[in-house]
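The values are calculated or read from the model by the stated rules, or taken from the named source; none is laboratory data. Here the structure is a predicted model, which means the values were calculated and not measured. Using ideal geometry, Cβ is built from the backbone for each residue, glycine included, and neighbour counts are taken over all protein chains shown. Accessible surface is based on the protein model in full, side chains and every heavy atom, while ligands, DNA and RNA are left aside. Shrake-Rupley method; radii C 1.70, N 1.55, O 1.52, S 1.80 Å.
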Amino acid sequence: VQLQASGGGLVQAGESLRLSCAASGSIYDIKFMGWYRQAPGNQREFVAFITNEGSTNYADSVEGRFTISGDCNKGTIFLQMNSLKSADTAVYLCNVWTGSKYYWGQGTLVTVSS
């Protein structure tokens, strides 16, 4: 499975961005797709995921501000990010779980200026 994330950019605090992730290859094996992020000097942290049945889960730090959507069966997901904060600044990475292996994309940079 190959992953391509896009949609990052530079925004002001309080503004919104929408990230996209497109998977290609053996997408029929996908069990869930999700987003992680990694800020400079920090460890990678979970943001949100969506299962192939449409169930979603969020990190406490983004609950109520971010919304994950899309269709794992089509290999396409989105992350709508509202009310962005400077603490949200990071490289956002898309990942996939097939039931036996994780796959990761290269990420897209989100920078939120205060």
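Check Arg37, Arg44 and return the single one that is crowded, with 20+ Cβ neighbours inside 10 Å and of a type in the set (Lys, Arg).
The unique qualifying residue is Arg37.
Residues in segment 5-15: is at least one more than 21 Å from Ser114 (Cα to Cα) and either touching a strand residue (DSSP E or B) at 6+ places or on another chain (Cβ under 8 Å) or open to solvent by less than 70 Å² (accessible area, probe 1.4 Å) (or both)?
yes
When you go through Lys101, Lys74 one by one, which is the residue that is among the basic types (Lys, Arg), under 26 Å from Tyr28 (Cβ atoms) and free of Cβ contacts under 8 Å to residues at least 40 places away in the same chain?
Lys101
Confirm whether Ser61 is among the small types (Gly, Ala, Ser), surrounded by fewer than 17 Cβ atoms within 10 Å (Cβ to Cβ), at pLDDT 95 or above and not in a loop (DSSP other than H, G, I, E, B).
No.
For segment 40-57, indicate whether the set of residues that are in contact (Cβ under 8 Å) with a residue 40 or more places away in the chain and of a type in the set (Ser, Thr, Tyr) is non-empty.
Looking for residues that are in contact (Cβ under 8 Å) with a residue 40 or more places away in the chain and of a type in the set (Ser, Thr, Tyr), one finds none in segment 40-57, hence no.
Please state which one of Gly105, Gly75 is surrounded by 18 or more Cβ atoms within 10 Å (Cβ to Cβ), modelled with pLDDT under 95 and closer than 20 Å to Ser6 by Cβ.
Gly105
Tell me which of these Gln43 doesn't satisfy, since it passes every other one: (1) under 15 Å from the mean Cα position of the chain (by Cα); (2) closer than 15 Å to Tyr92 by Cβ.
(1)
Can Met81 be described as touching a Leu at 6+ places or on another chain (Cβ under 8 Å), hydrophobic (A, V, I, L, M, F, W, C) and either in contact (Cβ under 8 Å) with a residue 60 or more places away in the chain or open to solvent by 60 Å² or more (accessible area, probe 1.4 Å) (or both)?
Here the answer is yes, as Met81 does meet what is asked.
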